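J.: Below you'll find the structure I mean.
The values are calculated or read from the model by the stated rules, or taken from the named source; none is laboratory data. In this text, all values refer to a predicted model and were calculated from it rather than measured experimentally. Cβ: placed from backbone, ideal geometry, glycine included. Neighbour counts: every protein chain shown. Ligands, DNA and RNA are excluded from the accessible area calculation, which covers all protein heavy atoms including side chains. Shrake-Rupley method; radii C 1.70, N 1.55, O 1.52, S 1.80 Å.
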Amino acid sequence: MTGAFDDLLAANEKYASTFSQGDLTGRAARGLAVVTCMDSRIDPLGLLGLRAGDAKILRNAGARVTDDVLRTLVLAVYLLGVDRVLVMPHTDCRMSKSTDDEVHQLISAEYGIDTRSLEFQTVRDQEETLRHDITRIMTSPFLPRTLTVGGALYDVRTGALRLVETPHP
């Protein structure tokens with residue numbers, strides 16, 4: 001592993017030499033949490049006109065509202081100043097191109113690993129899944145009813161964000 005991260009350490013050294021954000025707190029200055037995908041084409045701060053310290057960014061495969069996302073939102077709301085949540089999946093997402101069974105079969109066939117004990121939470125219909133995930137947040141007994149929750153689909157080809165009609169509590 002020696003050398004595997006040399007490029008990153010060199011980049012960090014340069015970054016740290018002009019670092020000026022040490023006075024930021026852990027609170028979300030704009031009161032926002034964004035749940036989005038781990039896809040490296042997504043720059044959540046940039047596409048939303050935000051800066052470091054403005055929002056909590058929660059990322060996972062498919063931008064799914066998992067139990068861990070709910071746990072993190074509870075902490076963000078009660079401890080870190082979050083009062084609104086944007087759930088933001090994206091176009092051309094690998095999680096919307098296969099079923100869980102297909103992903104299990106692919107990994108098994110190509111790598112010999114049995115992943116059937118994992119639930120990948122693939123997405124058959126992005127808008128339907130987005131509405132379901134927003135409902136999970138809005139009906140969580142651990143989150144306040146005053147929390148503003150919305151959903152949008154990010155287009156990785158154009159950079160545009162399209163709001164998706166979401167359920168009301």
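J.: Conditions: (1) part of a helix (DSSP H, G or I); (2) farther than 22 Å from VAL74 by Cβ; (3) open to solvent by 40 Å² or more (accessible area, probe 1.4 Å); (4) in contact (Cβ under 8 Å) with a residue 40 or more places away in the chain. PHE120 meets all but one. Number of the miss?
T.: (1)
J.: Would you point out the residue of the stretch 123-145, among those that are among the polar types (S, T, N, Q) and part of a helix (DSSP H, G or I), that is farthest from ALA63 (Cα to Cα)?
T.: We begin by selecting, within the stretch 123-145, every residue among the polar types (S, T, N, Q); these are 126, 129, 135, 139-140.
Going one step further and asking which of them are part of a helix (DSSP H, G or I), we end up with 126, 129, 135.
On the way: GLN126: 10, THR129: 10, THR135: 14 Å.
So, considering only residues that are among the polar types (S, T, N, Q) and part of a helix (DSSP H, G or I), the one farthest from ALA63 (Cα to Cα) is THR135.
J.: Of all the residues that make up the stretch 81-103, how many are in a loop (DSSP other than H, G, I, E, B) and surrounded by 17 or more Cβ atoms within 10 Å (Cβ to Cβ)? Don't jump to the end; show me each part of the working.
T.: Filtering the stretch 81-103 for residues in a loop (DSSP other than H, G, I, E, B) gives 81-83, 89, 91-93, 97-99.
If we keep only those that are surrounded by 17 or more Cβ atoms within 10 Å (Cβ to Cβ) too, we end up with 81-82, 89, 93.
Matching residues across the stretch 81-103 total 4.
J.: Specify the residue that is surrounded by the fewest Cβ atoms within 10 Å (Cβ to Cβ); the eligible residues are those in the stretch 23-44 that are polar (S, T, N, Q) and more than 21 Å from THR135 (Cα to Cα).
T.: Of the residues in the stretch 23-44, the ones polar (S, T, N, Q) are 25, 36, 40.
Narrowing further to those that are more than 21 Å from THR135 (Cα to Cα): 25, 40.
Working: THR25: 9, SER40: 6.
The qualifying residue surrounded by the fewest Cβ atoms within 10 Å (Cβ to Cβ) is SER40.
J.: While we're looking at this one, here's another question. Could you count how many residues in the stretch 1-22 are open to solvent by 70 Å² or more (accessible area, probe 1.4 Å) and either of a type outside the set (Phe, Trp, Tyr) or not in a loop (DSSP other than H, G, I, E, B) (or both)?
T.: First, the residues of the stretch 1-22 that are open to solvent by 70 Å² or more (accessible area, probe 1.4 Å): 1-2, 5-9, 12-15, 17-21.
From what is left, the residues that are either of a type outside the set (Phe, Trp, Tyr) or not in a loop (DSSP other than H, G, I, E, B) (or both) are 1-2, 6-9, 12-15, 17-18, 20-21.
Count: 14.
J.: Restricting attention to the stretch 23-64, which residues are polar (S, T, N, Q) and assigned to a loop (DSSP other than H, G, I, E, B)? Don't jump to the end; show me each part of the working.
T.: Within the stretch 23-64, the first condition is being polar (S, T, N, Q), and the residues that meet it are 25, 36, 40, 60.
THR25, SER40, listed by residue number.
J.: Against the definition (open to solvent by 30 Å² or more (accessible area, probe 1.4 Å) and either modelled with pLDDT of 95 or more or in contact with a Pro (Cβ under 6 Å, 6 or more places away or on another chain) (or both)), how does LEU58 come out, yes or no? Lay out the reasoning, then the answer.
T.: Details: open to solvent by 30 Å² or more (accessible area, probe 1.4 Å): no; either modelled with pLDDT of 95 or more or in contact with a Pro (Cβ under 6 Å, 6 or more places away or on another chain) (or both): yes.
Taking the combined requirement at face value, the residue does not satisfy it.
J.: Taking THR166 and the conditions (1) part of a loop (DSSP other than H, G, I, E, B); (2) free of Cβ contacts under 8 Å to residues at least 60 places away in the same chain; (3) open to solvent by 70 Å² or more (accessible area, probe 1.4 Å), which numbered condition does it fall short on, given that it satisfies the others?
T.: Of the numbered conditions (1) part of a loop (DSSP other than H, G, I, E, B); (2) free of Cβ contacts under 8 Å to residues at least 60 places away in the same chain; (3) open to solvent by 70 Å² or more (accessible area, probe 1.4 Å), the odd one out for THR166 is (3).
J.: For THR66, state whether it is open to solvent by 40 Å² or more (accessible area, probe 1.4 Å) and of a type in the set (S, T, N, Q). Even if it seems obvious, please write down each step before you answer.
T.: Details: open to solvent by 40 Å² or more (accessible area, probe 1.4 Å): no; of a type in the set (S, T, N, Q): yes.
No; evaluated as a whole, the condition is false for this residue.
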